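Below: the structure, in structure tokens.
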């Protein structure tokens, strides 16, 4: 018998289950309802549900909404429905449909938490989702923090988002629903291989499972390792960065000035402090410094900045990167790197 795994929920919490009508979220809602009804092991939480109608599949989307409404009425679970124009949002924000849908979902989640309607939002991400996400991040060239993929828990100012089903396969949930004689909705867009996730799900993952039947667990383990490594590094960086990063630019006679043109920012790292660091820490310091200016560096941009500083990460200098004092690199996101005799300086350029 499938049961809800241990969660950090406490009696009195206001829990909202995000439900699309698909098998995974339908199973999560039933598991929550069952756990909250058991006399001896009741969660003791206030349970509600939220459905976001993305208006992407016309009558099919509306039928999903009707299914969820009927299910919640049968279970006597309060439901809030949020229709959103995902296509229009994607166009206005220059996002993909996948990005727009995700951002709109999390806007709704944040509003529920901020309003006090919920203290926790639960989503039905599975082990399969985790494995697919790790692989997609890897394909796109993510750093280690990207490989951490779907976090089991996200803490927000007004509450938390929890993913309690990350240890379960989709098929586990479908078997549970079948045993409960509970139908679910199938999203036809899940078969559209115009979307990267669907190509990974239907083509890439089956090929990998043929090589390693445990590939889902392997990729999920990688995500857990990445999360733990990131937590360790973040603590180390929080300790070191105040000792390494200098604000603003130096001024004649000593000291530093934070005065820049409107919209510009600047900081620096002394080369003598950067050189003794090991290569892994150097990379993280450079990337953290850029983040303080609002820029996210790629692997190649980080390598170019380190080469400019005379510290090429591979030990082989890129001939296209200048290394003499006074040299400058123009990077993406309006970021400029400059090497002086004693410092590596990073600054942003104001745009009009």
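Does residue 32 count as surrounded by 15 or more Cβ atoms within 10 Å (Cβ to Cβ), in a helix (DSSP H, G or I), more than 24 Å from the chain's Cα centre (by Cα) and in the same structural domain as residue 183 (by TED's automatic domain parsing)? In short, yes.
Across the stretch 56-66, the qualifying residues are those that are in contact with a strand residue (DSSP E or B) (Cβ under 9 Å, 6 or more places away or on another chain) and either in contact (Cβ under 8 Å) with a residue 40 or more places away in the chain or surrounded by fewer than 15 Cβ atoms within 10 Å (Cβ to Cβ) (or both), and the one among them that is farthest from residue 181 (Cα to Cα) is 62. With the requirement that a residue be free of Cβ contacts under 8 Å to residues at least 40 places away in the same chain and assigned to a helix (DSSP H, G or I), what does the stretch 262-280 give you? Listed by number, the residues that qualify are 273, 279, 280.
With respect to the conditions (1) farther than 25 Å from residue 133 by Cβ; (2) surrounded by 14 or more Cβ atoms within 10 Å (Cβ to Cβ); (3) touching a strand residue (DSSP E or B) at 6+ places or on another chain (Cβ under 7 Å), residue 71 lacks only one, and its number is (3). Within the stretch 211-238, residues that are without any contact (Cβ under 8 Å) to a residue 40 or more places away in the chain sit with their Cβ atoms under 7 Å from residues that are assigned to a helix (DSSP H, G or I), at 6+ positions apart or across chains, in these pairs: 212/218.
In the set (1) touching a strand residue (DSSP E or B) at 6+ places or on another chain (Cβ under 8 Å); (2) surrounded by fewer than 17 Cβ atoms within 10 Å (Cβ to Cβ), the condition left unmet by residue 181 is number (1).
The values are calculated or read from the model by the stated rules, or taken from the named source; none is laboratory data. Here the structure is a predicted model, which is why all the values come from computation and not from measurement. Here Cβ is always computed from backbone atoms with ideal geometry, including for glycine, and neighbour counts include all displayed protein chains.
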